[in-house]
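Novice: Pasting a structure below so you can have a look.
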Amino acid sequence: MQHLYLGAVAFGVTLLLASFVLGGKDTDHGDSGHHEGDVGVGLAWAPVGSLRFWVFFLTFGGGVGYALEKLGSSTIVAAIGAGVIGWFAGALAVTVIRKLTKHSVSSEVGAAELVGTTGTLLLPVGPGQPGKVRVEVKGRAEDFVAHLVEDGGNLPTGTSVLIVSEGERGSLLVAKSDV
């Protein structure tokens with residue numbers, strides 16, 4: 001059995017190193033499609049669809065099984081210990097990462113967040129003629145497609161505009177700013 005445990009450790013460590021080197025993301029399908037507020041818990045306690053779970057299950061379970069056998073435990077005790085510790089390590093890793101990603105802060109800027117701010121036209125905009133607006137937000141400049149909400153004349157490049165609302169596919173509806 002020692003070879004099986006060492007193989008599990010080697011495979012788990014290989015998966016871990018590959019995820020570091022390749023920078024892959026865990027698909028984390030272990031929640032069975034249930035999200036916060038759902039009544040059922042689904043298979044959240046059994047996150048076997050998560051690569052992260054298997055990395056920790058194999059690495060820690062294999063390590064514990066190998067150690068228990070080397071310490072003179074019976075094959076049954078080593079197998080149960082390996083399974084329990086591996087399962088606990090995998091489930092804990094998945095739970096911790098889920099909690100961290102659930103409460104993480106993103107620097108992405110959505111068009112809806114920009115309503116009420118001002119920007120500067122990079123390309124002129126007019127009725128039926130989309131332009132481009134640059135908005136300074138969260139310490140950086142973001143460019144968006146702009147559509148005019150008023151039926152007035154064209155607004156030239158460099159005009160200060162007010163973001164009125166979000167348009168289709170992340171574009172912004174703008175009006176001439178009085179500022």
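All of the numbers you see were taken from the coordinates with simple rules; none came from a lab. It should be emphasised that the depicted structure is a prediction, and the values quoted were computed from it without experimental measurement. Note that we place each Cβ from the backbone using ideal geometry, even for glycine, and neighbour counts take in every protein chain shown.
Novice: Here is a list: VAL115, VAL137, VAL125, VAL149. Which entry is out of contact with any Leu (no Cβ under 7 Å at 6 or more places or on another chain) and not polar (S, T, N, Q)?
Specialist: Testing whether each residue is out of contact with any Leu (no Cβ under 7 Å at 6 or more places or on another chain) and not polar (S, T, N, Q) leaves just VAL115.
Novice: Please go through segment 123-179 and give me each residue that is of a type in the set (Gly, Ala, Ser), at negative phi and not in a loop (DSSP other than H, G, I, E, B), ordered by number.
Specialist: GLY126, GLY131, ALA141, ALA146, SER160, SER165, ALA175
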